[in-house]
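Below: one structure, written as structure tokens.
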């Protein structure tokens, strides 16, 4: 009987050892699973993890060859489940990047399930962007730029992603622009000091415009650096040219005001150094000269941008 007991005990020990080894191997495989794969030297696809809010997350960078001392990375994002890779080859963005010493990054992120949506940057899509940036810059020996702050410009769902990213990583965002991205709600106050511009189309869906304008006014109620502008006679799918032009003007001022040479820590722009725009009349004023309630006005980053904000809305 004693002999049989030791035979059974030995068998159980062998089984347990085998299971432990198998568990260990499985854990090792999990830990060494790659975060993604390269599409080419400058494009990287991040694999979704369990619980991530995307099914596909591809990112592509472009860095000017003739520019040193890059200041920031401009993120370009397009409509729902639509990529922006083609924008990287446009002269208007490349020339702007050279002039302002920027790298460009385009995104192609898709959600095909009903569980969440990639526009919520804190749901996994924001981390995917940062992973892709780190991986691409490491491969191309540009690790000195992977910690640079971001400018974020997005159209429709891409604009929503830009807005929510400003709440996800406010310390990384110089400024953001949301063009006709109406699926926005109020975030916490962490991005109140991030200059944000919402660009509405006059003939877009009423709900989109109400959401975007409502967020701006709620942020302004707490002194947030937010504004909105309405482009006349344009619906959701209208020409993006004027909005892109205003975006570049906004970003150029934000770069100068938010960055200190040699540092990636972003400056806070005092509210009373900006200008204010009356959203009804489109009149503009220096902050201290505004004749109405300042919290009800769009906050404009400086006088030069205030003039462009007014012209953008002229019929």
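The values are calculated or read from the model by the stated rules, or taken from the named source; none is laboratory data. Since the model is a prediction, treat every value here as computed from it, not as a measurement. A quick note on method: Cβ atoms are made from the backbone with ideal geometry, for glycine too, and the neighbour counts reach across all protein chains shown.
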*May I ask you to list pairs of residues, at least six apart or on different chains, whose Cβ atoms are under 6 Å apart, with the first in the range 91-114 being on the phi > 0 side of the Ramachandran plot and part of a loop (DSSP other than H, G, I, E, B) and the second being modelled with pLDDT of 95 or more and buried (at least 18 other Cβ atoms within 10 Å of the Cβ)?*
101/71
*asked:* Would you confirm, using the coordinates I've provided, whether residue 86 is in contact with a strand residue (DSSP E or B) (Cβ under 9 Å, 6 or more places away or on another chain) and over 20 Å from residue 166 (Cβ atoms)?
replied: yes
_Condition first: closer than 15 Å to residue 221 by Cα, free of Cβ contacts under 8 Å to residues at least 60 places away in the same chain and crowded, with 16+ Cβ neighbours inside 10 Å. Now tell me which residues in the range 259-286 satisfy that._
271, 276, 277, 278
*asked:* On the basis of being assigned to a helix (DSSP H, G or I) and either touching a residue at least 24 places away in the same chain (Cβ under 8 Å) or surrounded by 24 or more Cβ atoms within 10 Å (Cβ to Cβ) (or both), does residue 132 make the cut?
replied: yes
*How many residues does the range 69-90 hold that are part of a loop (DSSP other than H, G, I, E, B), farther than 14 Å from residue 43 by Cα and either within 19 Å of the chain's Cα centre (by Cα) or free of Cβ contacts under 8 Å to residues at least 24 places away in the same chain (or both)?*
8
*Please work out which residue is surrounded by the fewest Cβ atoms within 10 Å (Cβ to Cβ), limiting yourself to the range 215-240 and to residues that are assigned to a helix (DSSP H, G or I) and over 20 Å from the mean Cα position of the chain (by Cα).*
218
_Top-ranked residue of the range 260-315 - restricted to ones that are within 20 Å of residue 215 (Cβ to Cβ) and in a helix (DSSP H, G or I), ranked as farthest from the chain's Cα centre (by Cα)_ = 294
*asked:* Consider the range 162-171. How many of its residues are touching a helix residue (DSSP H, G or I) at 6+ places or on another chain (Cβ under 6 Å) and crowded, with 24+ Cβ neighbours inside 10 Å?
replied: 3
*Run down 137, 111 and say which single residue is modelled with pLDDT of 95 or more and over 25 Å from residue 224 (Cα atoms).*
137
*Does residue 54 meet the test of being in contact with a strand residue (DSSP E or B) (Cβ under 9 Å, 6 or more places away or on another chain), touching a residue at least 24 places away in the same chain (Cβ under 8 Å), assigned to a loop (DSSP other than H, G, I, E, B) and surrounded by 14 or more Cβ atoms within 10 Å (Cβ to Cβ)?*
yes
*asked:* Looking only at the range 140-181, filter to residues that are out of contact with any strand residue (DSSP E or B) (no Cβ under 7 Å at 6 or more places or on another chain) and assigned to a helix (DSSP H, G or I); which one of those is farthest from residue 83 (Cα to Cα)?
replied: 171
*asked:* Residues to consider are 223, 214, 238, 196; find the one that is out of contact with any helix residue (DSSP H, G or I) (no Cβ under 6 Å at 6 or more places or on another chain) and more than 17 Å from residue 157 (Cα to Cα).
replied: 214
